[in-house]
Amino acid sequence: TRVDAITLNSPLLLKMVKHDYPFKAKIGVFACVNSVRRAQFWEQEGADSICLEDITCNRDFDLLRALKASVKCDLQIFVNNLCFSGCFMSPTHMDMAAHASQDGCGPRGYYLDYCSIRCMTMRMKNPVDFIRASWIRPEDLVHYEALGYDNFKLADRSSLSATLASR
């Protein structure tokens, strides 16, 4: 399998990749791009594509319109995340997930996803939170396409390696 793109969230790594490798550089959702200023920063640093922060962007059509108008690089929307809109545990969860995606993480390679367990418990107590989550219904993609979006993310680091490699 040939590498043609790399996803990262570090300005330093972005500079290194753009300088030393022929890969397209994709900025991941963990960079928390949720404003015009952040999108422009990453584009100016050399990003070819930016995955927008779903928990603040997915349902804000004014923001999505402004983001699309502010940069020329590709913008991606993460459509099937079950995180709460404006999730208060997001920074902790992102940090834990990033470390857990490494081989052999945790005791005996097992990662206890506290944030997901906690969120699931909260949703079970208040099922309306399933609907309030940041996911987008497939039939609603036309509204995002009307804004000029055509790149939709369906999988993330929690997916099996075989799933991620199969494209």
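The values are calculated or read from the model by the stated rules, or taken from the named source; none is laboratory data. If you're wondering where the values come from, they're calculated on a predicted model, not measured in any experiment. With ideal geometry, Cβ positions are generated from the backbone for all residues, glycine too; neighbour counts draw on all protein chains shown. Heavy atoms of the whole protein, side chains included, go into the accessibility calculation; ligands, DNA and RNA do not. Shrake-Rupley method; radii C 1.70, N 1.55, O 1.52, S 1.80 Å.
If you roll a 1.4 angstrom probe over the protein chains with everything in place, what fraction of the accessible area of the chain belongs to carbon and sulfur, to the nearest %?
Roughly 57 percent of what the probe reaches on the chain is carbon or sulfur.
Projected label points at Phe88 and Asp60, each 7 Å from Cα along the beta carbon direction, are separated by 1.9 nanometres. Annotation: Tyr144 carries an accessible surface of approximately 10 Å², with a 1.4 Å probe and no ligand, DNA or RNA atoms counted. Measuring with a 1.4 angstrom probe and ignoring ligands and nucleic acids, Phe41 comes out at about 80 Å² accessible.
Probing with 1.4 Å while keeping every protein chain in the model, the per residue accessible area of the chain equals 62 Å². Over the chain, the Kirkwood radius and the radius of gyration, each from Cα atoms, give a ratio Rg/Rh of 0.97.
Please work out the FRET efficiency for the pair Asp48 and Tyr114, using the Cβ-Cβ distance as r and a Förster radius of 45 Å; give the result to the nearest 0.05. Before the final figure, lay out each step's value.
On the way: r = 34 Å, r/R0 = 0.75.
So, using R0 = 45 Å, E works out to roughly 0.85.
Counting lysine pairs in the chain whose alpha carbons fall under 19 angstrom apart, excluding pairs fewer than 8 residues apart on the same chain, gives 12.
Once both labels are positioned 7 Å from their Cα atoms along Cα-to-Cβ, the gap between Phe152 and Lys125 label points is 3.3 nm.
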